[in-house]
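The structure appears right after this line, and notes come after that.
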Amino acid sequence: MDAVVFAVLNGVIYGLLLFMVSAGLTLIFGMMGVLNFAHASFYMLGAYFAYALQGLVGFAGAVVLSTLLVGGVGVVVERGFLRRVHRHGHAHELLLTFGLSFIVAELVKLFFGNYPVDYRVPKALDFAAFAVGTQQYPVYRVLMGGIALLMFAAIYLLLTRTRIGIVVRAAIYRPRMVEALGHHVQLVFMGVFGIGAALAGLAGAVAGAFYTTNPNMALEIGVMVFVVVVVGGLGSLAGAMLASLLIGILTSLAVGVDASIADLAALVGAREWAQGIGGLLTLKLSSLAATIPFALMLLVLLLRPSGLMGERT
Amino acid sequence: MRVTTPMALLGVLLLAALPALLPAGLLNAAIQMLIAALFACAYSLLSGRAGMLSFGHAAYFGVGAFATVHAMKAFGGAGLLPTPLLPLVGALAGLGFGIVAGWFATQRSGTTFAMITLAIAELLHAIAPQLKGWFGGESGISTMRMPAWGLSFGSTQQVYYLALAWVLLSLALLYFHAATPMGRLTLALRENSHRLGFLGYDAHGLGVSAFALSAMLSGIAGSLQVVSNEAVNYVVFDAGVSAAVVLNSYIGGVGTFLGPALGAALMTFFSYAVSDATQSWLLYQGVLFVLVMMVLPGGLTGLVSTTARLVGRHGFAAVLPLALLALGAALLLSAGTVFVVEAVQRIFSQDYRSLARMAASLPPITMFAHAWQPAAASTWLVPAALLATGAAFAWSARARLAALTRGTESNALEAAAPAIS
């Protein structure tokens, strides 16, 4: 029982982290119709910036500073790159961000080496928050979850309760009309892109210390985040939240399950047959945990192609 | 750039004569270039002709490769499947997997399609190391090429001709596909799939057909890779393989038939040529890709055809200084960038950092057979000068190009004016 509670808690925290990265991605997609391939690179940049700045300004300062820096990088990407190729269409923009993500990964390898760096949770935050049964639960995980929830609340309130939020939401649906009403839509786009990037950077700066910080982290979380936005529905913030939690909890629970399809077949007396076939049927669910999000995504696409909460097809 | 029949024949003859002209080491690189070229052409059928961006083409390449390695082990190069026919297995495996994956992926279009292809490839990449029986785990599966049809397939030369034959056959298939009604409809799918549906065509079926054909040719490429390397492991499913084919194709230019092949051959050759000299080749490739995306949407072959059009319109004499300026700018800017990247790579390497920690002052770094002082201003003046001159050249080339095209426009207006009045 304790193990299940533990796994669910870990899954929720991981899901909240996924949400922190996918929130910006899905907002940007909703506004500009561009799926930003380099979004996960912002996450990685956040972690590496914080690692590099940690010695100079301390952990908290490094997190704040790297969030701002990554937001700046996002603005540069939008203004200097994406806007220039906008007239060539969405496919071209997607390819450009793909190239940028490639360059960011190579630059990180150039400066920090092709191996994990020693970026870890500061001593002051490295203690147990509470105990589940006999196991201690680290306070840092709780902190990560808290930051993500705060962020969700902040974005939600900003989008639904302020004038800026109204303009942003209007710009998502009818950019030309909003422009005609005298709002600077280009500036709104740039702002949303920068804020989305900054959120990913914040997630990276916070999570990089807990998980590993290496040049592959962008690809690893990037693929997950794409799955999240497709499962949740492209452009839907609530869908991103739901899908993040679902994927986080599912993968976290699956790691602890030591059964295979052959065990399931045993219920109808077909264990021998399943073991004879081998391959996928005898593989333990725990070793398949990494593939569950992809299977979920294919399932969602079959049953509900616009995603769990998506409106657009 | 139109490819005429004599040009194509000349190209084939040149490729056939290559083993006589190249040393054995380079011939191996030539085989890799052929395989990369076929893979890029297969990719461009989907992304260029059918307009569906795939970010997971390594999956079909890898499936073809693993199917072939199993066939090689099972048949031992005898019976129904002698060594020269092995790529058929890769083709079949790619086709079969392509139909299944394509059926899923083409349910959606645009961005979601791209994400599904990425997820399918990552799914395979995640599951492959777990299935030791099929994919051989970390160490992979190795095998031997067996003699067949009186050929030993022991020499690189014979493997080269085998690869060349299959690549030419596949390219011919692709070329004729473009001429069939199905090929034309594939183009229509890219332009407007809704309209295609209204006209009564099965848009989803067409999408699956393009996807499956592309996967089949990728499978052949994977197959040839196995025949050449005699081994394969699950790293063929890596995202880097998918990324390389995207980069290669677009750098070459997906708009033309041979653009992707030329791009892939060029990139593979460079990665082979500079692999000893630099560790940052992938970075250069990424920068080149982004540059192409920003300023040359037609790719490098698009650049050639643009130049040809300029020469045709303004004459050789008018374009020559412009071309020289642009070439100079490109060389200077690349030299400056390479200098900075290589210097940074050396300064931030682990060895150098531990050296610097022990020494009192920063030790010099060796590049281009010269020791440079990292702290000295003179070191950094070199790339600064290169980049500044390159930028000046580029700016001047741009101004000339603008003047040239503006000139013709006003000429055309003057020519049209009497007709109007």
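Structure notes:
- Principal-axis tilt of helix A:237-255 within chain A, Cα atoms, nearest 10 degrees: 30
- Helices in chain B, meaning DSSP H runs of at least 4 residues, each add -39500 (n - 2.57). Divided by all residues, the mean residue ellipticity at 222 nm is -25000 deg cm²/dmol.
- Each Cα pair under 8 Å and six or more residues apart adds its sequence gap; the mean of these over the residue count of the stretch B:219-307 is a relative contact order of 29 percent.
- Toward the positive end of the charge dipole of the protein assembly as shown, with +1 on the Cβ of Lys and Arg and -1 on the Cβ of Asp and Glu, the farthest Cα among A:G46, A:L27, A:A171 is that of A:A171.
- C-alpha long axis of helix A:39-76 to longest principal axis of chain A, angle in °: 80
- Evaluated at q = 0.08, 0.09, 0.11 Å⁻¹, a Debye calculation over the C-alpha positions of the stretch B:5-302 (equal weights, vacuum) places log10 I(q)/I(0) at -0.33, -0.42, -0.64.
- Under a model in which nothing but the beta-carbon of Lys, Arg (+1) and Asp, Glu (-1) is charged, chain A shows a dipole of about 920 debye around its Cα centre.
- Under 5 Å, built H, 5+ apart or other chain: amide partners of A:Y137: A:A129, A:F130, A:A131, A:V132
- Cα gyration tensor category, rounded, prolate or oblate, for the stretch B:1-148 with a/c compared to 1.5: oblate
- Lysines whose Cα lies under 20 Å from that of B:K132, excluding same-chain neighbours fewer than 8 positions away: A:K284, B:K73
- Simple Cβ-charge dipole of the stretch B:315-420, Lys/Arg +1 and Asp/Glu -1, about Cα centre, in debye nearest 20: 260
- Simple rule: put +1 on each Lys or Arg Cβ and -1 on each Asp or Glu Cβ in the protein assembly as shown, find the dipole, and look at A:A243, B:G64, A:V142; the Cα lying farthest toward the positive end is A:A243.
- Residues B:E342, B:E138 arranged by fewest to most Cβ contacts within 10 Å: B:E138, B:E342
- In the stretch B:315-420, the inverse of the mean reciprocal separation of distinct Cα atoms equals 17.1 Å; this is its Kirkwood hydrodynamic radius.
- Its Cα gyration tensor gives chain A an equivalent ellipsoid. The semi-axes, each the square root of 5 times an eigenvalue, are 34, 25, 19 Å from largest down.
- Overall dimensions of the protein assembly as shown as given by Cα atoms, namely Rg and Dmax in Å: 27.5, 95
- Length-normalised contact order of chain B in % [C-alpha pairs under 8 Å, at least 6 apart]: 22
- Positive dipole terminus of the stretch B:191-330, leading residue within B:V245, B:S275, B:F198 (C-beta point charges): B:F198
- Note on B:M267, A:M241: ascending count of other Cβ atoms within 10 Å places them as A:M241, B:M267, the fewest first.
- Sequence of A:F81, A:F193, A:F294, B:F198 once ranked by neighbouring C-beta atoms within 10 Å, starting from the fewest: B:F198, A:F81, A:F294, A:F193
- Taken about its Cα centre, chain B carries a charge dipole of roughly 440 debye when the Cβ of each Lys and Arg holds +1 and the Cβ of each Asp and Glu holds -1.
- Remark: the B:M146-B:R400 segment gains 85.5 nm on full extension, using 0.36 nm per residue and subtracting the alpha carbon distance.
Every number in this text was worked out from the coordinates using simple rules, so none of it is lab data. All figures in this text were calculated on a predicted structure; none of them were measured in a lab. Heads up, the Cβs are rebuilt from the backbone with ideal geometry, glycines too, and the neighbour counts pull from every protein chain shown.
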